[in-house]
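Here the structure comes first, spelled out in structure tokens, and everything after it is commentary.
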Amino acid sequence: MFFPQDLKDMKLEDIQDTRLRIFSGTANLPLAQEIACYMGLDLSKINIKRFADGEIYVQLKESVRGCDVFLVQPTCPPANENLMELLVMIDACRRASAKTITAVIPYFGYARADRKTHGRESIAAKLVANLITEAGANRVLACDLHSGQSIGYFDIPVDHVHGQPVILDYLASKMISSQDLVVVSPDVGGVARARAFAKKLSDAPLAIVDKRRQGHNVAEVMNLIGDVKGKVAVMVDDMIDTAGTIANGAALLHQEGAREVYACSTHAVFSPPAIERLSGGLFQEVIITNTIPVKENNYFPQLTVLSVANLLGETIWRVYDDSSADSEGHSSLGID
């Protein structure tokens with residue numbers, strides 16, 4: 001079993017005796033188990049069930065008094081149920097006298113509602129941040145938020161982890177010539193993300209797909225800024241929902257002469273008809289992470305799922321150990 005570098009000398013019995021507890025909700029149990037395995041811990045026991053009317057019941061099956069508790073629960077589909085489950089878990093830990101409560105949210109739902117683009121809209125991202133804080137969380141650990149300003153919606157500390165290092169390591173293993181690479185942002189809003197990705201990927205050139213959105217989950221590709229002819233295009237986004245944006249962008253890249261198109265995304269929401277669009281031959285490979293569990297019937301030949309368990313596990317250790325974000329090796333985790 002592999003342990004974090006700075007904890008190699010710690011015996012397994014010492015680790016098990018720490019005041020650190022990791023609980024998992026029902027949204028992504030396999031990821032939570034991977035995180036616990038990386039850390040050399042067992043998941044703490046918890047009883048979560050639903051009454052006949054859909055109400056959620058949570059009971060901790062072991063003491064957390066004076067403990068630092070980490071709750072792993074993405075608010076992926078069904079978003080409302082998983083969010084409510086997280087809130088009830090936080091409340092249970094608070095009432096059980098946990099010393100600190102950290103909500104580990106690999107995928108933060110409602111993050112797209114982070115500003116008012118039209119009159120009389122809600123900013124649901126701020127509302128959800130308030131709910132998590134009021135429930136009793138002391139800290140949030142999130143992975144690839146939709147936009148940076150979402151961090152400011154929380155009145156508690158937020159550790160923002162990026163999934164880019166995991167995807168970059170995988171792409172590096174494919175040995176694609178740096179002369180052939182071009183990183184593509186599927187929309188103007190993702191330019192900063194794509195530019196940072198391109199800089200770390202052999203300082204590859206950048207291209208931008210200019211589109212005009214007609215409504216939610218509907219995108220129309222308009223133009224391409226940059227040169228992709230004869231290149232291996234790597235499209236980078238934080239999430240793939242219905243895959244309309246990234247599929248339309250890939251079609252445009254092929255029209256402009258791209259040799260191959262790869263899609264890279266941290267969060268695979270995969271709302272219909274995403275699978276049909278992604279498996280239709282536009283992509284050489286679709287690379288995602290396991291922040292959201294992929295249903296068995298949503299796998300297709302071009303899909304590659306990478307794990308962020310080590311990334312989140314190492315971050316949890318550093319939060320628990322009060323390690324500085326500027327400590328040696330910490331920047332490689334992609335933490336803000």
task = Considering only residues that are farther than 25 Å from Val232 by Cβ and out of contact with any strand residue (DSSP E or B) (no Cβ under 8 Å at 6 or more places or on another chain), look in the stretch 279-297 and name the one that is least open to solvent (accessible area, probe 1.4 Å).
result = Pro293
remark   = Counting only residues in the stretch 82-114 that are among the polar types (S, T, N, Q) and closer than 25 Å to Gly163 by Cβ, the one surrounded by the most Cβ atoms within 10 Å (Cβ to Cβ) is identified as Thr102
ask   = For the subset of the stretch 117-152 comprising residues that are of a type in the set (D, E, K, R) and more than 22 Å from Arg193 (Cβ to Cβ), which member is surrounded by the fewest Cβ atoms within 10 Å (Cβ to Cβ)?
value = Arg120
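Filter the stretch 67-81 down to the residues that are of a type outside the set (A, V, I, L, M), open to solvent by 10 Å² or more (accessible area, probe 1.4 Å) and touching a residue at least 12 places away in the same chain (Cβ under 8 Å) and list them by number.
Asp68, Pro77, Glu81
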note = Within the stretch 64-115, residues being touching an Asp or Glu at 6+ places or on another chain (Cβ under 8 Å) and not hydroxyl-bearing (Ser, Thr, Tyr) number 4
task = Check Ala309, Ala258, Ala325 and return the single one that is touching a strand residue (DSSP E or B) at 6+ places or on another chain (Cβ under 7 Å) and at pLDDT 95 or above.
result = Ala258
remark   = Result of the Cβ filter at 6 Å on the stretch 180-193, keeping first residues that are closer than 17 Å to His162 by Cα and open to solvent by less than 50 Å² (accessible area, probe 1.4 Å) and partners that are assigned to a strand (DSSP E or B) and not hydrophobic (A, V, I, L, M, F, W, C), at least 6 apart or interchain, is Gly190/Asp237; Val191/Ser185
inquiry  = Please go through the stretch 94-129 and give me each residue that is over 24 Å from the mean Cα position of the chain (by Cα) and modelled with pLDDT of 95 or more, ordered by number.
reply    = Arg94, Arg95, Ala96, Ser97, Ala98, Lys99
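The values are calculated or read from the model by the stated rules, or taken from the named source; none is laboratory data. The structure displayed is predicted, hence computed values, not measured ones. Neighbour counts run over all protein chains shown; Cβ positions are idealised from the backbone, glycine included. Remember, those area values only see protein heavy atoms, side chains included, never the ligands or the DNA or RNA. Shrake-Rupley method; radii C 1.70, N 1.55, O 1.52, S 1.80 Å.
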